[in-house]
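**Student:** Before anything else, here's the structure in question.
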Amino acid sequence: MATPSPFAFDGDLIAALRRARFIAALTGAGISAESGLATFRDAQTGLWARFDPRELATPSAFARNPKLVWDWYAWRREHVAAAHPNAGHLALAELEQRGVPEFALITQNVDGLHQRAGSRSPIELHGNITRVKCSREGTVVERWNAPPDAVPRCANCGALLRPDVVWFEEMLPEPALAAADAAARRCNVLLVVGTSAEVYPAAALPALARRSGAIIVEINPNATPLSAAADYVLRGAAGVVLPALVAALD
Ligand code: OAD
């Protein structure tokens with residue numbers, strides 16, 4: 001016998017999801033919280049509560065102290081490698097695989113957990129921490145020698161290597177931004193999951209989708225600046241709400 005869902009989802013929401021020709025999802029750090037990865041803005045455990053982004057996540061920080069920045073990302077890379085996708089990541093992969101005519105997963109996360117859960121080609125707005133690139137040429141580097149006391153260098157041009165993530169003061173990758181923009185304009189439903197909706201340009205996508213006629217569904221245990229403008233607000237953890245929502249479509 002199927003386990004009854006702890007959620008009584010609004011019938012209109014379920015109907016909208018069932019008839020949608022294009023479902024998009026925008027995810028943030030909150031979807032990986034249940035995988036044990038810290039979010040950014042949580043007042044106690046958030047990375048930006050414990051570390052200063054100006055010292056770790058800007059081009060000028062890297063110019064000033066590349067070793068500090070390299071080591072901090074190496075530490076985060078180890079956490080990501082040890083983490084596993086959770087029920088929220090898996091539910092989004094399942095939703096895509098159900099055969100919605102069009103599906104787009106837009107993520108601000110750099111942890112690669114959506115891919116590991118089976119999502120086909122998430123649009124990564126902020127890069128991916130598991131990749132390393134040349135700080136001059138931008139070429140992604142598969143292997144590097146990491147001397148214990150220095151930042152590794154590009155074998156081709158000798159410039160320092162850096163994580164392939166977007167830092168504050170940097171532009172987002174144009175193809176990813178264009179793909180996210182197009183999905184927001186064309187989707188019928190946008191699920192906004194685990195993001196504080198404070199960091200632009202990602203935070204502008206829900207409003208763009210809404211202006212273009214999409215239904216906005218926020219999934220987050222806490223209120224955000226988006227909550228008042230969302231059509232549906234599902235208060236709860238992504239790893240609980242998303243599997244129940246996908247199951248409710250059967
Ligand atoms: P934030 O840390 O700003 O927000 C995380 C959100 O997840 C909050 O709204 C929480 O309430 C929510 N949350 C926490 N646990 C959750 C759970 N189990 N299920 C669902 N939601 C949960 O993270 P982002 O919005 O992703 O950028 O931050 C956006 C960007 O700011 C990041 O990509 C990063 C950061 O600076 C860069 O590093 C470029």
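The values are calculated or read from the model by the stated rules, or taken from the named source; none is laboratory data. Bear in mind that the values here come from a model prediction, so they are computed numbers and not experimental data. Don't worry about glycine lacking a Cβ; one is built from the backbone with ideal geometry, like all the others, and counts go over all protein chains shown. What goes into the accessible areas is simple: the full protein's heavy atoms, side chains included, and nothing from ligands, DNA or RNA. Shrake-Rupley method; radii C 1.70, N 1.55, O 1.52, S 1.80 Å.
**Student:** Work out how much length residue 10 to residue 249 would gain on full extension: take 0.36 nm times their residue separation and subtract the Cα-Cα distance, in nm to one decimal.
**Tutor:** Difference between extended and current length: 84.9 nm.
**Student:** Of all DSSP beta bridges located in the chain, what percent are antiparallel, nearest 5?
**Tutor:** 30
**Student:** How big is the charge dipole of the chain about its Cα centre, in debye rounded to the nearest 20, if each Lys and Arg gets +1 on its Cβ and each Asp and Glu gets -1 on its Cβ?
**Tutor:** Using Cβ point charges on Lys, Arg, Asp and Glu, the chain gives about 320 debye.
**Student:** Ignoring ligands, DNA and RNA, please state the percent of accessible area on the chain from carbon and sulfur, probe 1.4 Å.
**Tutor:** 53
**Student:** Hey, got the dipole for the range 97-200? About the Cα centre, +1 on K and R Cβ, -1 on D and E Cβ, debye to the nearest 20?
**Tutor:** 340
**Student:** Just the number, please: Stokes-Einstein D of the range 151-244 in µm²/s, Kirkwood Rh from C-alpha pairs, 25 °C, 0.890 mPa s. Intermediate results must be reported in sequence, preceding the final value.
**Tutor:** Values: Rh = 15.3 Å.
For these conditions, the coefficient is 160 µm²/s.
**Student:** Where in the range 123-167 is the amide nitrogen less than 12 Å from a point lying 7 Å along the Cα-to-Cβ axis of residue 199?
**Tutor:** Flagged as within label range: 125-129, 165-167.
**Student:** Let me ask another. With an 8 Å cut-off on Cα pairs and a minimum separation of 6 or more residues, tell me the relative contact order of the chain in percent.
**Tutor:** Numbers: 427 pairs, mean separation 60.8, N = 250.
Normalised by residue count, the contact order of the chain is 24 percent.
**Student:** Suppose the chain between residue 144 and residue 54 were pulled fully straight at 0.36 nm per residue; how much longer would it get relative to their current alpha carbon spacing?
**Tutor:** 29.8 nm
**Student:** Give the relative contact order (percent, whole number) for the range 199-241; include only Cα pairs under 8 Å separated by 6+ residues.
**Tutor:** Computed value for the range 199-241: 32 percent relative contact order.
**Student:** Considering only DSSP beta bridges whose two residues both sit in the range 1-141, what percent are antiparallel, to the nearest 5?
**Tutor:** 20
**Student:** For the range 80-225, what is the percent of antiparallel DSSP beta bridges, rounded to the nearest 5?
**Tutor:** That works out to approximately 55 percent antiparallel.
**Student:** Here is a further query. Would you be so kind as to identify which of 7, 196, 119 lies farthest towards the positive end of the dipole of the chain, taking Lys and Arg as +1 and Asp and Glu as -1 on Cβ and the Cα centre as origin?
**Tutor:** So the residue we want is 119.
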